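Trainee: One structure, pasted below without further comment.
The values are calculated or read from the model by the stated rules, or taken from the named source; none is laboratory data. Keep in mind that what you see is a predicted model, and the values were worked out from it rather than measured. When we count neighbours, we look across all protein chains shown, and the Cβ atoms used for this are built from the backbone with ideal geometry, even at glycine. We work out accessible area using only protein heavy atoms, side chains counted, and drop any ligands, DNA or RNA first. Shrake-Rupley method; radii C 1.70, N 1.55, O 1.52, S 1.80 Å.
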Amino acid sequence: MTAEDRQSDWNPADATLSVPERLAQMAAMRAKCPVAYTDHLGGQWSVLRYADIVKVTGDIETFGNLSRRPRWGEALPPVEADPPLHTEYRRLLQKFFTPPRIAALEPRMRKASIDLLTPIIARRHGDLALEFSYPLPVLALCALLGIPETDWATIKKLAETTLLIDSESEEERAQAKRDHEAILDYAQAMVADRQKHPRNPDTDIPTAILQADIEGKGVEKCAAILRLMIAAGHNSTTSAIGNAMLHLASHGDDQERLRRDPKLIPTAVEEFLRFDTPVQEMPRYARRDAELHGRQIQEGDKLGLFFGAANRDEAAFPEPDRCIIDRKPNRHLAFGSGIHTCLGAPLARMEARVALEELLGRTKSFSITGEVVRPRYHRMGVTSLPVAIEA
Ligand code: HEM
């Protein structure tokens, strides 16, 4: 390895960039430096092209998810685990995400969507991000994990701050750690409760985790898995629904098309996920020396897989910068690829579909009336979407 190899090629964590500027920055790097080194984000190789990410996620002998220094101190499976343990954790959780399980949650999601939308539609205006896409996914998570719905706001707030763990600000990183500990405490209390009062392990995730026979899985690890599940997926689903509503609020023709043809909604959801990828980046760690596009990667090095950049790769998608709601095929990487492909994808897809079905079905049109606020790196979502509604 030469000294030049470790010179920073870019700063993907630049919080001053707007979403279009960030996309332009990634497009430029994808073209000229597809495996770029950065000394931000803890020092990492950023992998930006679609084909390279598929290659890395498919080569688990070379690239793993388990860091030598897990960011939270303790590794949180299944995402922070490698085979063979990853396979066991995944098997344990998979049965809660089968089509019948997801279908069983759908009526609750539909009711939650209607309850949230009714007052917004009645007053003919509101903030669809704040009032609708923010709470909906955490309500799904409460239903999934057996968490009282009254705790949703606390859980959502804590989970949001944990996303600041890669922030450039020391204060924000410290806050992320404190809130991680708070979620861990919450998970530990759930585990302690199920130790005393076990529920049916076929329907209750905390009991299933506690009773699973996995080598080296003590009570602490149970809390760590539950900690991951508590914070998993609802911020990204919030972003997915927010991004979809943002597109529709600013493209009346697509809005009208989906209202006329609701069967197209699932296809459109895939395109919204590709176009504005909620989870922009996930890490990998080199398990041995490797070479990618001439860059020398050493055992132990961190890599950042830029799913968002790959989803705009012109080598994988024609007209990648257009959001084409009936795009097919659409083999996007919003849920990752390989053995860690998102476990919650069927739940997220159902939530997004139900949210859009209800929003479109109950309104004649909605359009933006004020400033749209989008969060900074590395989230890709919408935090404020003020709209006027015709119903
Ligand atoms: C639109 C919403 C979502 C997006 C964009 C998303 C994205 C992702 C991505 C990109 C990964 C791959 C991580 C990697 O390769 O290192 C992942 C993994 C995971 N996701 Fe999601 N996710 C979403 C919703 C959910 C939901 C609702 C849940 C659960 C309630 C969930 C649970 C998980 C879990 C447990 C993993 C780890 C899987 C493994 O390591 O085998 N996700 N997600």
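Trainee: Which of the residues spanning the range 141-162 are assigned to a helix (DSSP H, G or I) and open to solvent by 30 Å² or more (accessible area, probe 1.4 Å)?
Mentor: The answer is Glu149, Thr150, Asp151, Trp152, Ala153, Thr154, Lys157, Leu158, Glu160.
Trainee: If you don't mind, there's one more thing I want to ask. Could you list, in sequence order, all residues of the range 193-236 that are among the polar types (S, T, N, Q) and either surrounded by fewer than 17 Cβ atoms within 10 Å (Cβ to Cβ) or closer than 15 Å to Lys95 by Cα (or both)?
Mentor: Of everything in the range 193-236, those that are among the polar types (S, T, N, Q) and either surrounded by fewer than 17 Cβ atoms within 10 Å (Cβ to Cβ) or closer than 15 Å to Lys95 by Cα (or both) turn out to be Gln195, Asn200, Thr203, Thr207, Gln211.
Trainee: Do we find that Glu270 is assigned to a helix (DSSP H, G or I), among the acidic types (Asp, Glu) and open to solvent by 60 Å² or more (accessible area, probe 1.4 Å) in this structure?
Mentor: So Glu270 does not fit the description; no.
Trainee: Being over 22 Å from Leu105 (Cα atoms), at pLDDT below 95 and within 16 Å of the ligand (Cβ to nearest atom) narrows it down to one residue among Ala174, Ala232, Ala223; which is it?
Mentor: One residue alone meets the criteria, Ala223.
Trainee: Of the conditions (1) among the hydroxyl-bearing types (Ser, Thr, Tyr); (2) touching a residue at least 24 places away in the same chain (Cβ under 8 Å); (3) out of contact with any strand residue (DSSP E or B) (no Cβ under 6 Å at 6 or more places or on another chain), Thr203 fails just one. Which one is it?
Mentor: (2)
Trainee: Would you confirm whether any residue within the range 2-9 is over 26 Å from Ile205 (Cα atoms) and either in contact with a Ser or Thr (Cβ under 8 Å, 6 or more places away or on another chain) or modelled with pLDDT of 95 or more (or both)?
Mentor: Checked against the condition, which is being over 26 Å from Ile205 (Cα atoms) and either in contact with a Ser or Thr (Cβ under 8 Å, 6 or more places away or on another chain) or modelled with pLDDT of 95 or more (or both), the range 2-9 yields at least one hit.
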